[in-house]
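Read through the structure below, which is laid out as structure tokens, and then see the notes.
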Amino acid sequence: MMKAYRELSENELLALKEDLNKQYEEAKAKGLKLDMSRGKPSPSQLDMERDFLEIIRSDTNLKTSSGVDCRNYGLLDGIPEAKKLMADMIGVSEDMIIVFGNSSLNIMYDTVARSMLFGVLGSTPWCKLDKVKFLCPVPGYDRHFAITEQFGIEMINIPMTCDGPDMDLVEKYVNEDPAVKGIWCVPKYSNPQGYTYSDETVRRFAALKPAAEDFRIYWDNAYAIHDLYEDRSDQLLEILGECEKMGNADMVYEFVSTSKVTFPGSGISALASSKANLDSIKNTMTIQTIGPDKLNQLRHVLYFKDIDGMKAHMMKHAAIMRPKFEAIEEVLLRELDGLEIGSWTKPNGGYFISFEAMEGCAKEIVSRCKDAGVVLTGAGATYPYKNDPKDSNIRIAPTFPSEEELSIATDLFVLCVKLVSVEKLLQNK
């Protein structure tokens, strides 16, 4: 085991800094141009499913089982076959589903906007309230925080644990403060840590007693079937059923999509909720839209046939992604284990690895990587207002680069972690 950097003398740290600086200048001279900033499927994943484009042809039967022509208007809430497919992704019944277009983020944005403008099930529209607050498990998904920030909603940090958000804090805020109207959640393979909420956490969510009647859990089940390992996938308790048991049937909006199942820009998405919530949403939708792309919904149904076909397809994705996650973990373990300058998660699925650097080092590490040609997600992005109070969290997105590019990028990353950590320790001497 390597000696922890904190145990090194000042002279040892200075000598180490000189050596690391030399390695860093050599890395910069290579002129790298690599992007690991977003969790995107790689070209090889997209090439794997090119046959998806061939599903609908001029001779394809374009009618649903109920006889509706998918080329025409109709079925505002989605074709029955697509509703069943999306329902099966998250373990609910199809009558709890509305199928939308290609982006679940779009549904989330519209759901917040609808609450701002029209209220929730007859409650006061949020835009007419003095204060609206959202709970934000951190580190978390930057695009969630961007939505609530744009609408001027006050965001409150809730620390994450390996079992999910700190539920003592969640219960305190939700049950005592009527200004708290929602909480963002990525309950399976959370972004960026890859944690899955425990059964106890889900049950505590279901048992909340909100001070606000219009409080909602925004349950973004983005990685519902995005397992890396067939033999050790995480299991998530189905929250809508748990809420119904507790008399809180209306408390959840659940979101899901095929954005990282088929082509991210051409998938389908869905919202699952109670009948009362869905009826209210559909009332607005009748004004907002004629309906989403039913041909694309049909394409997904014909391609996968059922949830088993979809899960088999996801194992093909996993076969491409898994070696990348394992390669990064191997480098982090080999280069950083025992140095006490960083820790990282080892998820069983999802799209990210979360790295915790020494306090006060994340921005500088990301900056050094960028200067040497490797772009990472901006430090602070995983916190509301892009403000990580400890300046320590870095989101690593392994999926898009090739394995060769990933190896080069990870070597540079650990070099920057070492260099910035040594400089920080010397500052503190």
With (1) farther than 24 Å from VAL138 by Cα; (2) buried (at least 17 other Cβ atoms within 10 Å of the Cβ) as the list, and MET315 as the residue in question, which single condition is left unmet?
-> (2)
Scanning the range 375-390 for residues that are in contact with a strand residue (DSSP E or B) (Cβ under 7 Å, 6 or more places away or on another chain), part of a loop (DSSP other than H, G, I, E, B) and farther than 20 Å from ILE183 by Cα gives THR377, ALA379
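Residues LYS370, LYS346, LYS363: which one is among the charged types (D, E, K, R), assigned to a helix (DSSP H, G or I) and touching an Asp or Glu at 6+ places or on another chain (Cβ under 8 Å)?
Values: LYS370 fails: touching an Asp or Glu at 6+ places or on another chain (Cβ under 8 Å); LYS346 fails: assigned to a helix (DSSP H, G or I).
Residue meeting the stated conditions: LYS363.
Hey, can you tell me all the residues within the range 393-409 that are in contact (Cβ under 8 Å) with a residue 24 or more places away in the chain and either open to solvent by 10 Å² or more (accessible area, probe 1.4 Å) or in a loop (DSSP other than H, G, I, E, B) (or both)? Write out each step before concluding.
Here is the first cut: in the range 393-409, the ones in contact (Cβ under 8 Å) with a residue 24 or more places away in the chain are 393-403, 405-409.
Scanning the range 393-409 gives ALA397, PRO398, THR399, PHE400, PRO401, SER402, GLU403, GLU405, SER407, ILE408.
Of all residues being of a type in the set (A, V, I, L, M) and in a loop (DSSP other than H, G, I, E, B) in the range 1-19, which is surrounded by the fewest Cβ atoms within 10 Å (Cβ to Cβ)? Just the residue, please. Break it down stepwise before answering.
Here is the first cut: in the range 1-19, the ones of a type in the set (A, V, I, L, M) are 1-2, 4, 8, 13-16.
This time we only want the ones that are in a loop (DSSP other than H, G, I, E, B), so: 1-2, 4, 8.
Values: MET1: 6, MET2: 11, ALA4: 11, LEU8: 17.
Applying the filter and picking the extreme gives MET1.
Quick check, is LYS324 at pLDDT 95 or above and under 20 Å from the mean Cα position of the chain (by Cα)?
Working: at pLDDT 95 or above: yes; under 20 Å from the mean Cα position of the chain (by Cα): yes.
Judged against the criteria, LYS324 is a match.
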Among helices (runs of 4 or more DSSP H) entirely within the range 265-338, at least 3 residues that are of a type in the set (Asp, Glu) occur in 307-336
Is it true that some residue in the range 238-246 is closer than 26 Å to ALA312 by Cβ, open to solvent by 10 Å² or more (accessible area, probe 1.4 Å), touching a residue at least 24 places away in the same chain (Cβ under 8 Å) and in contact with a Lys or Arg (Cβ under 6 Å, 6 or more places away or on another chain)?
-> no
Looking at ASP95, ASP88, which is the one that is among the acidic types (Asp, Glu) and either free of Cβ contacts under 8 Å to residues at least 60 places away in the same chain or surrounded by 16 or more Cβ atoms within 10 Å (Cβ to Cβ) (or both)?
-> ASP88
What do you reckon, is VAL417 assigned to a helix (DSSP H, G or I) and closer than 15 Å to GLU25 by Cα?
-> yes
Pairing a residue in the range 327-339 that is at positive phi with any residue that is not in a helix (DSSP H, G or I), where Cβ atoms lie under 7 Å and the two sit 6 or more apart in sequence or on different chains, gives GLY338/MET1; GLY338/MET2; GLY338/ALA4
Output for Cβ contacts, cut-off 7 Å, separation at least six or different chains, first residue of a type in the set (Asp, Glu) in the range 262-286, second open to solvent by 10 Å² or more (accessible area, probe 1.4 Å), reads none
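Of all the strands (runs of 3 or more DSSP E) wholly in the range 139-228, which have at least 2 residues that are within 19 Å of GLY350 (Cα to Cα) and free of Cβ contacts under 8 Å to residues at least 40 places away in the same chain? Steps first, please.
Details: elements: 154-161, 180-185, 216-220.
Those strands (runs of 3 or more DSSP E) span 154-161.
Taking the conditions exactly as written (modelled with pLDDT of 95 or more, surrounded by fewer than 16 Cβ atoms within 10 Å (Cβ to Cβ) and at positive phi), does LYS390 satisfy them or not?
Working: modelled with pLDDT of 95 or more: yes; surrounded by fewer than 16 Cβ atoms within 10 Å (Cβ to Cβ): yes; at positive phi: no.
Taking the combined requirement at face value, the residue does not satisfy it.
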By residue number, the members of the range 106-125 that are part of a helix (DSSP H, G or I) and open to solvent by 10 Å² or more (accessible area, probe 1.4 Å) are ASN106, TYR109, ASP110, ALA113, ARG114, MET116, LEU117, PHE118
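Does the range 279-294 hold any residues that are aliphatic (A, V, I, L, M) and exposed (fewer than 15 other Cβ atoms within 10 Å of the Cβ), and which are they?
Looking only at the range 279-294, we keep the residues that are aliphatic (A, V, I, L, M), and these are 281, 285, 287, 290.
Across the range 279-294, the qualifying residues are ILE287, ILE290.
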Is it the case that some residue within the range 216-236 is modelled with pLDDT under 95, within 29 Å of VAL112 (Cα to Cα), touching a Phe, Trp or Tyr at 6+ places or on another chain (Cβ under 7 Å) and not acidic (Asp, Glu)?
-> no
Hits in the range 295-312 (condition: more than 13 Å from ARG71 (Cα to Cα), open to solvent by 50 Å² or more (accessible area, probe 1.4 Å) and in contact (Cβ under 8 Å) with a residue 60 or more places away in the chain) = LEU302, ASP306, LYS311
Please work out if ARG216 is out of contact with any Pro (no Cβ under 7 Å at 6 or more places or on another chain), closer than 30 Å to ILE320 by Cα and of a type in the set (Lys, Arg).
-> no
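Report the residue count in the range 20-35 for those that are among the charged types (D, E, K, R) and surrounded by 13 or more Cβ atoms within 10 Å (Cβ to Cβ).
Of the range 20-35, the ones among the charged types (D, E, K, R) are 22, 25-26, 28, 30, 33, 35.
Right, trim to surrounded by 13 or more Cβ atoms within 10 Å (Cβ to Cβ) and you get 28, 35.
Residues meeting the conditions: 2.
Looking only at the range 318-340, how many residues end up being β-branched (Val, Ile, Thr) and open to solvent by less than 30 Å² (accessible area, probe 1.4 Å)?
Start the filter on the range 318-340 by keeping residues that are β-branched (Val, Ile, Thr), which leaves 320, 328, 331.
Now drop any that are not open to solvent by less than 30 Å² (accessible area, probe 1.4 Å), which leaves 328, 331.
Number satisfying all stated conditions: 2.
Could you please find all residues in the range 65-74 being surrounded by 15 or more Cβ atoms within 10 Å (Cβ to Cβ) and at pLDDT 95 or above?
At the first step, the residues of the range 65-74 found to be surrounded by 15 or more Cβ atoms within 10 Å (Cβ to Cβ) are 68, 70.
Scanning the range 65-74 gives a single hit, CYS70.
The values are calculated or read from the model by the stated rules, or taken from the named source; none is laboratory data. Since we're looking at a predicted model, the values are computed, not measured. Cβ: placed from backbone, ideal geometry, glycine included. Neighbour counts: every protein chain shown. Remember, those area values only see protein heavy atoms, side chains included, never the ligands or the DNA or RNA. Shrake-Rupley method; radii C 1.70, N 1.55, O 1.52, S 1.80 Å.
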